[in-house]
1. Considering every Cα-Cα pair within region A:1-142, what fraction, in whole percent, is farther apart than 25 Å?
2. Computed over the Cα atoms of region B:119-251, what is the ratio Rg over Rh, Rh following Kirkwood?
3. So for the protein assembly as shown, taking the charge dipole from beta-carbon charges (+1 Lys/Arg, -1 Asp/Glu), which of B:F348, B:T317, A:V95 sits furthest toward the positive end?
4. Which of the lysines could a cross-linker bridge to A:K240, judged by Cα under 20 Å and excluding same-chain residues fewer than eight apart?
5. Taking 20 °C and 1.002 mPa s as the conditions, I'd like the Stokes-Einstein D for region A:9-86 in µm²/s, using the Kirkwood hydrodynamic radius from alpha carbon pairs.
6. Can you grab the distance from the C-alpha centre of region B:407-435 to the C-alpha centre of region B:69-134, Å, no decimals?
7. Could you give the distance between the Cα centres of region B:214-289 and region B:475-494, to the whole Å?
8. Are there trypsin sites (Lys or Arg not before Pro) in region B:470-517 that DSSP puts in a loop and that have at most 16 other Cβ atoms within 10 Å, and which ones?
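Taken together, the values in this text are just the output of simple stated rules run on the coordinates, not laboratory data. Worth saying up front: this structure is predicted, and the values here are computed from it rather than measured. Please note: Cβ atoms are built from the backbone with ideal geometry, for glycine as well, and neighbour counts cover all protein chains shown.
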Amino acid sequence: MIGGVTGLPDQIVEDVFLFIAAVSVSILVLITFLMIFFTIRYRRKRNPKPEDIRGNLWLEILWTVIPTLLVLSMFYYGWTGFRTFKKVPEGAFTVKVMARQWSWLFEYENGVKTDELIVPVGRPIHLLLTSQDVIHGFYIPAFRVKQDAVPGMVNPLWFQAKDVGAFDVLCAEYCGQQHAYMLTRLKVYPEEEFNRWYEEKGKQFEQEKGLPRGSRLLQEKGCLVCHSLDGTPRIGPTLKGLFGKTVPVITGDRERNVLADEAYLKRSLLEPNTDIVKDFPPIMPSQKGLLTGEEIDELVRYMKEL
Amino acid sequence: MSSFYEDEGRFRGILGWIFSTDHKRIGLLYLLAIFAFSAVGVLLGFLMRLELMAPGPTIMRPQTYNAIFTLHGVIMIFLFVIPGIPAIFGNFFLPIQVGARDVAFPRINLLSWWIYMAGAGLAVLSLFTGGGPVDTGWTFYVPYSLRTPVNVPLAVFAVFILGFSSILTGINFVTTTHQLRAPGMTWFRLPLFVWAIYATAWVQILATPVVGITLLLTLMERLAGVGIFDPLKGGDPILYQHLFWIYSHPAVYIMILPAMGIISEIIPVFAQRTIFGYKAIAFSSLAIAVVGSFVWGHHMFVSGQSDLASIIFSLLTFLVAVPSGVKVFNWVSTLYKGSIEVSPPLLFALTFIFLFSIGGLTGLFQGALATNVHLHDTYWVVGHFHYVIFGGTGFAIFGALHYWFPKMFGRRVGKKIPYLAWALLFVGFNTLYFPMLILGWEGMPRRYYDYLPQFHSLHLVSTVGSWILIAGLILMFGHLIYSLFRGEKERLENPWGGATLEWQIPSPPPRENFAEIPRVERGPYEFR
């Protein structure tokens, strides 16, 4: 342990945890035992005459120096472990992660985008995290890794899966109403299966490139987290049959009815707080700068058909 | 001599209270307001635990839950624990313990209570105006607090106002300790409670302005879009976190240092022997106040701050653990060869040592960089700080209430019920908060309205714990209120055999405490 802790991030966390736990439990047991022992041994009935002891320099030195050494060793193990977290191994497989209220979007090097993170087993995975709105926290408890996704910043994180399987991915930094539901899955595939999936998706992506398809945009941009396509109201109103309908909205403090025409749909995308649909919270983030003009046209065209 | 209850001063009735400059009356004004708010905080905590009893929606919607955990934090931190001990017990006892008739600036003292009430009033007002109750968490992190439609500006302004109350109280206590000590009351004859409040007061004076500025900037950002924190306008959300924690980490020491002072008073009295390592305890308060001002970055290990910053903050965080440990070792040694009577105040003080130790030791896991990555923003942190703040400061307040009750109110507290209440509190507390540590290690994030099925059983245990804990609180406070009106009159000046100055004057004390300013000839824990 002199050279510090090494291994994969999850193993490091467990080793450091066990070390601190062993020391902490020993200290707690010692303090509690002495406290109870003295209280019983020197209870007034048995020890009516107390003795004034003002202190002991050697004891003070002892219980300053030993705890200092102990906590310094904790610092040291924590730090050496942390170095591993911060050093992305060479040949890592890189995935960009975009966080937004309230979903995750993963973008692979070949351009493929998914809402679940799919990775090969046994290979270091290098994530580049950012956010398009507020701060989120990317957290895989099973691999004991976490990093905030901060707007305007790209934060790296890496991990490596030893076994295939599916694991929870959670948002750890409070991000608003649906924070507790900003979950997805990490799926670890065997190498070959992953390669097959990756190539297939890549081909599909090439074919669809340049064609902004409404349904794909709704998925990729995270719209479906809040808006359903089947008529059920969720955090926001459903998109089904929206076009051409009369919508009761609150504009400023005034309630009014507006016709959901093209202009309304575009306004709702770019300035969502101008007209707020009645009975829904004013929490839709503006898509200004997040959608191109072309994408907006495509979305509006698609919504007309819903 | 008539007590400060009978001797009203310039005004009569309720005006004799809310316009009184008597430090004891102001202490009691704070006591009433602070415990009223803390009761609301407890109720909100109870509702959160009910919601989390089972996965899925239980009794409320997500938006309500988010507002409730925010209010629970804002009330408990800004209205209860930060002012708490200094404003109630500091006001009441610091002037008496140093041998003064009042604090240095009695009118400023009254002003700080009014400012506290104004800030609290604005916080209440923010619930019903603008976009409704704040849902940002008590930390008001940007950019979320800039975007959420709820009434952030008024809530932030309320906290800004509350800060002035804290600063003024701090200035008063520092000046009182320097200027108004009785003849012979040398620095090393000061009770350790005074040392603790003194160290705290410096943190209040020096750190609070930083949060004031931060909150003002947040207001400007929110109302005028100036672009200091918003990355879309060239601002930096990490900068906000630095500024916020430059105050809010030292604020943790504002919460715990005075509690340590109380423990240092109670233990020697009930062991009837002098305290072990007086100077070590006194100086460790100062060390905590100083080093604790430079550890704020440990709240930001996964935020994206630089690795070097994280390493330095981790190192300093570990160093600040040492003086707290020194205090615990000295307290335990004070029991050695004492003549110990486990009265309710001592029982609460010993419980403080046990729970605070768990709180402090669980903090080591968060201070270490590698483990922090996993534990940050999980229930581990929630468990940890409740062990420190509730198990520590909360139980110290319970101890102080039972210890100083006869002096403050001139009534005795019966002995049996406090033991029963203690048992409920101790069992309830650990059933409520220990499962949170396990939940955190298993990966349950905090501030979650709902959770995955694997976390259900521990959440259920925790909720049951909250019921036991609340039963204990009701029993204890019910009994204290009963004792206030029906308790046996305390005719003794010194029922516990204490050696500090408050035990040398009548219970309750007269208006200006001392008929004649005493000449101090011995230390605060010389019982023979």
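1. So the pairs more than 25 Å apart make up 57 percent of the total in region A:1-142.
2. Rg divided by Rh gives 1.12.
3. Going by the charge dipole, the pick is B:F348.
4. Qualifying lysines at Cα under 20 Å: A:K221, A:K266, A:K278, A:K304.
5. The calculation lands on 137 µm²/s.
6. 25
7. After rounding, the separation between the Cα centres reads 34 Å.
8. B:R491
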